[in-house]
Amino acid sequence: MYKIFIVEDDTVIANSIKNNIESWGFPCRACDDLRNVLKEFIDFKPHLVILDIMLPFFDGYYWCKEIRKLSDVPIIFLSSASDNMNIIMAMNMGGDDFVIKPFDINVLTAKIQALLRRSYNYASQKNLIEHEGLILDTSNTTLSYNDKKIDLTKNEYRILLTLLENKGKIISRDTLMQKLWETDSFVDENTLTVNVTRLRKKLCEYGIDNFIRTKKGLGYIIE
């Protein structure tokens, strides 16, 4: 089922769009925290974004640029600024369509449906896990932080993925060794310790301190 993400500071407009989209059976979320649009985008994993241009804190062009660093998800811009310059800028920033306010909700819905039809197969859709600004892309096993790529070994990736998928939970050393053992012929206690130490050091080099915590006698946790 296609999920729609709305980034709009006018709650009346946002709720009107949300109610109409949901009436067509599409799961829909309006962004709650306009300071942290990217985090909500990653958490929700939408298939289409409706993005206002005039927003508090950062404008729609900024958020479009940030989303495009991570995803090819289709983006429809909304704006009362209907001059050619804004339309051209929206398209150049990575937008797929532009709707001028005030708009007919049925026309917007038709554009959403048409854009979804044109955009999917999901081959380019990324699977992202975000925590404290660290973003792990499970579709290509890459890690990024503050727009910088962090190279991971196979074992480092498996350790980090397991811990991120279980944020807030203590993961035992045995569980992590089993994850590493899925592709290696043998993994012992020392191998795990070495890999966790290297991963921590690598994260520290990018200013990410105390990300993986040790619970003595129990295992590791990302809180």
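The values are calculated or read from the model by the stated rules, or taken from the named source; none is laboratory data. The structure presented is a predicted model; accordingly, all values stated were derived computationally and were not measured. Please note: Cβ atoms are built from the backbone with ideal geometry, for glycine as well, and neighbour counts cover all protein chains shown.
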Subset of the range 189-221 (residues that are within 23 Å of the chain's Cα centre (by Cα) and β-branched (Val, Ile, Thr)): 208, 212, 221
Meets criteria (under 21 Å from the mean Cα position of the chain (by Cα), part of a loop (DSSP other than H, G, I, E, B) and farther than 24 Å from residue 114 by Cα) for residue 34: yes
Within the range 138-146, is there a residue that is at positive phi, in contact with a Phe, Trp or Tyr (Cβ under 9 Å, 6 or more places away or on another chain), of a type in the set (Ser, Thr, Tyr) and surrounded by fewer than 19 Cβ atoms within 10 Å (Cβ to Cβ)? yes
Residue among 28, 64 that is touching a residue at least 12 places away in the same chain (Cβ under 8 Å), in the same structural domain as residue 80 (by TED's automatic domain parsing) and touching a Gly at 6+ places or on another chain (Cβ under 9 Å): 64
The range 91-101: number of residues that are modelled with pLDDT under 85 and farther than 14 Å from residue 115 by Cβ: 2
Taking the conditions exactly as written (without any contact (Cβ under 8 Å) to a residue 60 or more places away in the chain and assigned to a helix (DSSP H, G or I)), does residue 18 satisfy them or not? yes
Output the residues belonging to the range 60-86 that are closer than 24 Å to residue 104 by Cα and either exposed (fewer than 14 other Cβ atoms within 10 Å of the Cβ) or in contact with a His (Cβ under 7 Å, 6 or more places away or on another chain) (or both). 73, 80, 82, 83, 84, 85
How many of the residues making up the range 192-209 are farther than 23 Å from residue 177 by Cβ and either surrounded by 12 or more Cβ atoms within 10 Å (Cβ to Cβ) or not assigned by TED's automatic domain parsing to the domain that holds residue 159 (or both)? 3
